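Trainee: Structure incoming, see below.
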Amino acid sequence: MRLFPIAALLLVSLLAVSGLLGSCAGAGVVSIESIQKKLDLFSSEIQKDRNTILTIKKRRVSQTGFYYIINSEGKVVFHPRPLLVGADFSRFYFVAEMLKKREGCYSVNRGSSDQLMIFKPISSDEILCLSIPAHEVASQNLACERLTKKNK
């Protein structure tokens, strides 16, 4: 019986749960400013080379934030979950608002938590979006408009 691999796995799991081992997904709480700089960078890179989209597929912001792209009709052009490509997101009230405004940041309630939707146009037809839980972003209330179904 090999106890060493099992003991090593248990130690890594314990360190990960206790927060002593860094996450592969990202590094804790991030600032809205750093997120907007990355969004600007990716938007510019995608405009120059569409293959850049492939590099953001597995990229995470903080622990669980992710990028996706919608077109001017609200259809998903790119999403890290391939099954969602082609889906119509325009039925979501916050996406309808994103399509009107085209650039900015909304804080929306998605079930049991608040989610930030930070977005910027890539072209006249596409918008690069980042979805990230509010608790993973520092000072999120200063920069993002609170959006509810009532104020749409």
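Each reported figure results from applying straightforward, stated rules to the coordinates on display, with no laboratory input. Predicted model, so just to flag it, every value in this text is computed and none were measured.
Trainee: For Ile122, list long-range residues whose amide hydrogen, built 1.01 Å from N in the peptide plane, is under 5 Å from its own amide hydrogen.
Mentor: Ile127, Leu128
Trainee: If you don't mind, another one. How are the alpha carbon pair distances in the stretch 26-146 distributed across 10 Å bins from zero to the largest one, expressed in percent?
Mentor: For the stretch 26-146, the pair-distance distribution reads 14, 49, 34, 3.
Trainee: Still on this structure: Show which lysines lie in cross-link reach of Lys48 when reach means a straight Cα distance below 16 angstrom and same-chain residues fewer than eight apart are skipped.
Mentor: Of all the lysines, those that pass the test against Lys48 - Cα under 16 Å, at least 8 places apart if same chain - are Lys38, Lys120.
Trainee: Tell me, what is the percent relative contact order of the stretch 26-146, built from C-alpha pairs under 8 Å that lie six or more residues apart?
Mentor: Relative contact order, the stretch 26-146: 29 percent.
Trainee: Could you name the lysines in cross-link range of Lys149, using Cα to Cα under 21 Å and dropping any fewer than eight places away on the same chain?
Mentor: Cross-link targets: Lys75, Lys100, Lys101.
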